[in-house]
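The values are calculated or read from the model by the stated rules, or taken from the named source; none is laboratory data. Since the structure is predicted, the reported quantities are computational estimates derived from the model, not experimental observations. Methodologically, a virtual Cβ is constructed for each residue, glycine included, from the backbone with ideal geometry; neighbour enumeration extends over all protein chains shown. These accessible areas exclude ligands, DNA and RNA; they are computed on the full protein's heavy atoms, side chains included. Shrake-Rupley method; radii C 1.70, N 1.55, O 1.52, S 1.80 Å.
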Amino acid sequence: VTALAPEAEPWEEEALGALRAQRTPLRRLVRTLTRNPSLLVGGTILAVYAVLGLAAWLQYGNSVGNLPFSQSWAESITPPGPTLAHPFGIMNVLGVDLAGALYESIPWDLALLGSILGIAVALGTFAGAWAGFARGPVDWVVTSLVDLLLSVPPFFLVIVLFVGLYDFVPIGYTLVLFVLLFAAVLWPYYARPVRSRAESVTSEPYVEAAQASGGSRGRILLRHILPNSLDPVFAQIPIDVYQVFFVLTVFPFLGCSAQGSSGHSFAWVTPFPTAAFPEWGNLLAQGVCYGLQPGVTNFWWMYFFPALVLILFGVAVALTTDGLSAVFQPRVAR
Amino acid sequence: VRLPPRSGARTLILLLLLLLLFGALPAGSAHRAGPATSPAALLALMSPPSALPLSSTPPPGPFEWATFHGDSARSGYTSVRGPSSTAEAWAPPQATPLPIRSGPVVNSTRIFVADIEGNVVALNRLNGTVVWRTTVWSSPTTPTLAGGTLFLGCDNGLLYALDAATGRLLWTQDLGSAILQGTLDVSGEIIAGTEGGELYAVNDTGAGILWSHSLGSPIAGAPAEAGGVVYAAGTAGQLLAVDLNGTPVWSETLRNVTLDVGFAVGGARLFLGEANGNLSAISAANGSTLWNFSTAAGPFEGAIEAPPATDGQSVDWIEGGGAIYSVNATNGSLRWLSNASVPSAGYLLLSAPVLTPSGFYLIDGGETLDDLNPATGVLRWSYPYGGLTIYSSPAVIQGGLILGTDDGLVNYFSPPSSLASWPISGTVVNPNGTPLANVTVELNSQSVLTGADGSFLLYAPNGSYLLLAGGAGTEPFSLPLTVTGPISGLRLVLRPVATFSVSGELVDGDSGRAVPGASVVLVGPAGYEAATVSRADGSFLLRAPNGTDFLSVGGLAAYYGTSEHVVVNGSALVGLKVALSPVGLASAGFFDPYGIYLLLAGVGAGALVAWLAEVSRRRRTAGLSGRILSRFGRYVLMRASLMPVQLLALLALLFAFGTFLPLVAEKAYAGLSSWTILKDFLEGFLAFAWSMVSGDWGYAAYGHLSEPVTTYIAWWLPYTLELMAFALVMSAALGYAAGLRAGWKPDGPFDFGTRIASLLGLLIPSFLVILLVLGGAYSSFVHVVGDTPYGILPNLAWFDTHGGLPPGWIGIGGNTLPTGFPLVDAGIHGDWQFFEVVLAKTIFQATLIAIVYVAIFLRYARHSAAEHAHALSVVAARSRGVPERRLLWYHTGRRALPEFVLLFAITLPVYIGTQAVAEALFSDPGIGNVLLTEMTQVASSGFGITHGNGFPAGNLYQVTILFLFLVVLGGNLLADVIARYLDPRLLSEGR
């Protein structure tokens, strides 16, 4: 910018002003947000979730399975629906106020999703970019591994791995195992598209220029290949939010419905240390299981509100990633 | 062993587990546990628990209906099969000119009814002619028939005893105020409740009142009895339980409750309908309320005026509003609710319903006889009385239903064959003359168990039969019998079976050391004969009868189960030696049969390579490129050659996580050196991989089935493929059209709409969508189209067209024969009703799958379509004036199609997961359902190890996942090839 002539024309002044205005980070942020409504809306919702999550965490800490419980609610055959005192109604069997339970779940869900997606995205992006950039044996190993993992439905793969290792993990640490395994199953979903993007980015002139100017391979990978290969990551994240919630919901749902039909005790392997674990998917599954018997009972609030909280979160993530994708790849038509 | 759903088999497994525990103790304590391991005790434990209601009186015969609501427990349940249609409805000449409002009682020869003025009539059960007629001058309640005497409690407070044979009055007893609803005969006591609130016990020989209790308000309904305790309720909510000496057992008062009806007893629970429409379950032991079911209806419309019927598992009733409920007897959860009834506000529904295993009979709306499917509440048939109100409670006997009406008729719903049956009775004894209880006696495809005195009673029409009898520990008995009239006093002498000892020892097949703690079971043609657990020195001793022909060993994680052919034929078998092969070790010499093929394959492969090299050399010599295959051919070869590597990696994963790690967790390797463990792992893996690849998949227990894994797949794969064909076509059509249309104008209204819809479709779990649709649409679907013959509910109307059973071409796995594709097989057998129902269901499911899957597919597809929509070729075509519609569907569609194919391949696993969930929710006989079911049983089955159960180990889930993997891999390969065939540029892009 300083290279511009000092006796600038008025239009140049204007452009310069706009460029200067961009230089304060806050203004840049505001500018980005106002031009990108989906990022604004999605980001705002996510921020609300984060604030609520922080508040819930400060209030409850990591009190696993300590949902506020009432015996009379648990045994109620006709649990009360939404009222002013209990805006999301009561869930019987678990015997909890649903609004409180969903609130207490926020930090757990954020932590679960954050860690699973964080690990998977970091691992997948890095491995994909490296494979696409380096080619050769690294590429072969990564591609074969990715092809292998992608060819088994992630839902089944997670269960196979989880159950094989379940017995070796102390009961309080099953969630940690679950997070690690899920990340291990999901990373190929990032590695594959990132790899093919990185492959084409590697042949871009600016990468050749960087190589010609003596940039080290690591620097080229981190500064040029990675940032320019991120676009597929944003498209994939909302789908994986779905995958994670699908498994978190299906685990307790199958256990619960198996229990309901045959009267067996709860013998299903689950990542949750207790059946009343504060987690949206768990609450949704139990809400469906106890609140919705087709043609018989329909305590709609027991599944509606968990689903609502979950869907709102997913929509926020999708809007945010769509917005981010536009920020990182402004030229790509969305 | 996968836990099968049948309780008998569960009992057996529990028992084996218990035996394992005992077997693990030192020899001394195992001896102390001796009685529990004796064959007789084992056999006694093996028999499934009795499901009969708790009652001290013997269950009624198939043609008996002796008191109000059938039995002294007032359960309204009978195990006979009632009428299955209205086809046999008929009425004999009018029995009385006055309305009949109490229920009829029936024995094998007579029907007894009483009208509202006290005229009592006995009819011949077979043809409806009047045998005798008398009057008691007062409106009676439903009579009680006991020991040849008919007891009637009447409005004038008198209890009458009439001789059932002649109608002669034997005695009367004044109880002070009107006797309500029904009396009861228990061990010589007639129990009656009165309007004055007294519960009386009267000696049934007319010797006066034995005891009485006052409840303080009129007795509600009929008193009930179970297990020697009489239960009665007062209308103001007082509950009383007294024993037969009149000593109170407990008493309890329900607050704010008005009761119009008495208890129905099932299991150890008393069920009580309340005037506010609630149904309570009360503990028979202490009167505490176990659960309460609220029908939440108005004060009059919702009132329960007739007791519920219960088989101990479910409780079914009709309330004043006309709604018919069925709830789980254990926890009060609703099983079904039927509204397919006559609206009935304003009527008192006093007629007590009757539950049988095949039908639930009730008077609906006061004027229609309905028969509902007891499992589902779906109406099977109904018989309208056209404005005539019915108060009489029906009596249900084998094949028939009898009912009194307000115009004095006795209606029969009964096929003639059940009317013309003769009673055949007798006693079963052993050679010493001691009566044998619980012996099965069979005649003309009826079977009964003998009572404690060895007696039995069966019915048969004229004809020649073979009477069969047999029980545990007796030799089978048969007697040719010609029936031309009633036969009584038969004496069947059953000889005990001689047993012979079978002993031996169990050894480790590798080391030869003793194997303690394994279960040893002897099996004969009739089933299990004896079972025990091997002792600390590996030895076992059992006793078994002649004909026993299999010895089954299993129950240990570390050894495969095995079965040996062992024939017991008139002498003891000693010194049997059974070698068990340890789990995880490769079976010795497994290469032997295949080594020669491997060698041949190696030689062949070498020759092929040499030949190709020679071809290539000659091409080069001729100045051509040395490459033999085209670019496309090389690509296909490269992709295909990756498959074995991927396959091997998946097998390693399945073995390590499914078989090896659970073994480690079970401490199967405790104390072994790491070298041994490694060797074991590698050898085990080789054996595992080889048997998986070679299709040697063994047997697996699934539910109550034990079949080769290949059989399961042959049964259920066609079903899955059929559903898949429908769902894929719908998904593809929908995904292609929507994806293209959305990508055509990104951020346009259609794209925005599909984006939101696909996001919602993604985030709402598929099973919630499916359940909501099930809830909203499935019941109406069932009413319109009918149920599926398997899956959620059996359609009884459909079954009835096949004589009450599934047709022969539906196999034990719910699979159809011969092809396994239900629609194809229905066509082959010309069963178009089946075809329609299955087609409708399949389309319904396919639509649901498509809704969920397309949402996922779109997320990827619109990006790809958007790119192609702005390609230069499209812009150029537009400038040439090509119409937009053609640009979209032809120009862009053609270019996007290859990528759509690739996207489909990528999302195939997600598709399979969605279909599996859909199959599981509809209980389909498909592979996806099998996989999910296997996984729900993970924790109880030791995932991946089929514990020795006498079958070679087979791992259904490992095979199923392998199968899915091959499908996905094959699908991917196919998609890659198709995409590159459609768009050869992909080859050069290295994608």
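Brief remarks on what is shown
- Candidate set from the range B:497-508 (those that are at pLDDT below 80 and touching a strand residue (DSSP E or B) at 6+ places or on another chain (Cβ under 6 Å)); member that is surrounded by the most Cβ atoms within 10 Å (Cβ to Cβ): B:T499
- Test for B:A855: is it hydrophobic (A, V, I, L, M, F, W, C), in a helix (DSSP H, G or I), in contact (Cβ under 8 Å) with a residue 12 or more places away in the chain and within 14 Å of chain A (Cβ to nearest Cβ): yes
- Within the range B:899-928, restricting attention to residues that are without any contact (Cβ under 8 Å) to a residue 40 or more places away in the chain and open to solvent by less than 10 Å² (accessible area, probe 1.4 Å), the residue that is farthest from the other protein chains (Cβ to nearest Cβ) is B:A916.
- For the range B:374-396, the set of residues classified as in contact (Cβ under 8 Å) with a residue 40 or more places away in the chain and under 20 Å from B:G70 (Cα atoms) consists of B:P374, B:Y391, B:S392, B:S393, B:P394, B:A395, B:V396, listed by residue number.
- When the range B:151-169 is filtered for residues that are over 16 Å from B:G118 (Cα atoms) and either open to solvent by less than 30 Å² (accessible area, probe 1.4 Å) or assigned to a strand (DSSP E or B) (or both), nothing remains.
- Residue check, A:V169 on the phi > 0 side of the Ramachandran plot, more than 23 Å from the chain's Cα centre (by Cα) and β-branched (V, I, T): no
- The residues on offer are B:A826, B:A896, B:A850, and the sole one that is open to solvent by less than 30 Å² (accessible area, probe 1.4 Å), closer than 18 Å to B:A979 by Cα and among the aliphatic types (A, V, I, L, M) is B:A896.
- Residues of the range A:206-214 include none that is out of contact with any strand residue (DSSP E or B) (no Cβ under 9 Å at 6 or more places or on another chain), surrounded by 15 or more Cβ atoms within 10 Å (Cβ to Cβ), over 17 Å from A:V158 (Cα atoms) and within 14 Å of chain B (Cβ to nearest Cβ).
- Candidate set from the range A:209-253 (those that are part of a loop (DSSP other than H, G, I, E, B) and touching a helix residue (DSSP H, G or I) at 6+ places or on another chain (Cβ under 8 Å)); member that is farthest from A:V317 (Cα to Cα): A:G215
- In the range B:616-640, the residues that are in a helix (DSSP H, G or I) and open to solvent by less than 70 Å² (accessible area, probe 1.4 Å): B:S616, B:F632, B:G633, B:Y635, B:V636, B:R639, B:A640
- Of residues in the range A:140-159 being among the β-branched types (V, I, T) and surrounded by 14 or more Cβ atoms within 10 Å (Cβ to Cβ), the one farthest from the other protein chains (Cβ to nearest Cβ): A:V142
- Strands (runs of 3 or more DSSP E) lying entirely in the range B:436-510 (those with 2 or more residues that are within 34 Å of the chain's Cα centre (by Cα)): B:440-443, B:446-449, B:455-460, B:463-470, B:477-483
- Of residues in the range A:160-174 being open to solvent by 20 Å² or more (accessible area, probe 1.4 Å) and part of a helix (DSSP H, G or I), the one nearest to the other protein chains (Cβ to nearest Cβ): A:L165
- Flag if A:L181 is within 14 Å of chain B (Cβ to nearest Cβ), open to solvent by 10 Å² or more (accessible area, probe 1.4 Å) and closer than 27 Å to A:P306 by Cβ: yes
- Residue within the range B:881-898 that is of a type in the set (D, E), modelled with pLDDT under 80 and in a helix (DSSP H, G or I) present: no
- All positions within the range A:225-250 that are among the polar types (S, T, N, Q) and within 13 Å of chain B (Cβ to nearest Cβ): A:Q236, A:Q243, A:T249
- Condition check for A:L177: touching a Phe, Trp or Tyr at 6+ places or on another chain (Cβ under 6 Å) and assigned to a helix (DSSP H, G or I): no
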